[in-house]
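Encoded as structure tokens, the structure appears first; notes follow it.
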Amino acid sequence: MNFIFNSIFRRVFLSLTLFLGVLSLYLQNSQSNLLVAILGLIFVSCLFFIWNESSAIFILILLSFTTAYAFYSVLFQLSLPLWLIMVGILSVFSYLFAYFEQRIGILGNKRLVYLVLFSLIILEVFLSLSYFLINPIGQSLIIAAISYLFVGFCYTVLAKHTDNKFITYVIFTTIAVGLVFLTSAWGVS
């Protein structure tokens, strides 16, 4: 199990996950030159953070967004079996949350329990959002907002940091999810 937390393996896995997520964003939205430039900048900056092993919160939220978008693209365009998408989501998000929990120093038995709980919640949110006819970018933003809520829970409750309150994470997540739902075009566009 130590190979999962090996520095080189972690960097390669996170870089590959980022590449596939940004590639799916590019392939679905390659008409805009501005978007391509922004995606390139985000890709390079996140690669910098991954290889320097800094800014774990930014990496987790960005990878949650790009990975969710990639899985939604695969689900809707390639029509793969749902169980295969579910296994992929559980695997990738379990690793992302394990990486984040390791980076902020959560150790012990509760780490595995929360890892499984967070991954299952993300899977349930992913599946429930797949029934809404909203843009996959909106669905991915909601997944990223839920990941941000888990970041807040891990940071304030589990790691016992007192510089921030958990309620601020809850308020921000509620506002972000509400704005995504309010600004979504409800139907096939």
*Quick one: what are the phi-derived ³J(HN,Hα) couplings along the range 71-83, Karplus 6.51/-1.76/1.60 with θ = phi - 60°, whole Hz, x for glycine and proline?*
5, 5, 5, 5, 5, 8, 9, 8, 6, 6, x, 5, 5
_What are the ³J(HN,Hα) couplings of the range 128-144, residue after residue, when phi is run through the Karplus curve with 6.51, -1.76, 1.60 and θ = phi - 60°? Round to Hz, x for glycine and proline._
5, 6, 5, 8, 7, 8, 10, 4, x, 5, x, 5, 5, 5, 5, 4, 5
_I need the peptides 48-59, 11-22, 136-147, 153-164 ranked by packing, meaning the mean over residues of other C-beta atoms within 10 angstrom, with the highest value on top._
136-147, 11-22, 48-59, 153-164
_Give me a comma-separated list of calculated 3J(HN,Hα) values for the range 8-16, in order, Karplus coefficients 6.51, -1.76, 1.60 applied at θ = phi - 60°, integers in Hz, x for any Gly or Pro._
5, 4, 4, 5, 5, 5, 5, 5, 5
*Taking a ≥ b ≥ c as the square roots of the eigenvalues of the Cα gyration tensor of the range 2-183, is the shape rounded (a/c under 1.5), prolate (a/b larger than b/c) or oblate?*
rounded
*Rounded to the nearest 10 degrees, what's the angle between the helix 166-183 long axis and the longest principal axis of the chain, both from Cα atoms, 0 to 90?*
10 degrees
*Points 7 angstrom from Cα along the Cβ direction at Val87 and Gln28: gap in nanometres?*
2.3 nm
*When the chain is modelled as a GNM with alpha-carbon springs shorter than 10 Å, which of Leu82, Leu62, Leu123 fluctuates the most?*
Leu82
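Values in this text are rule-based calculations from the coordinates and carry no lab data. Every value quoted in this text rests on a predicted model; they were computed, and no experiment measured them. Every residue, glycine among them, receives a Cβ derived from its backbone with ideal geometry; neighbour counts consider all protein chains shown.
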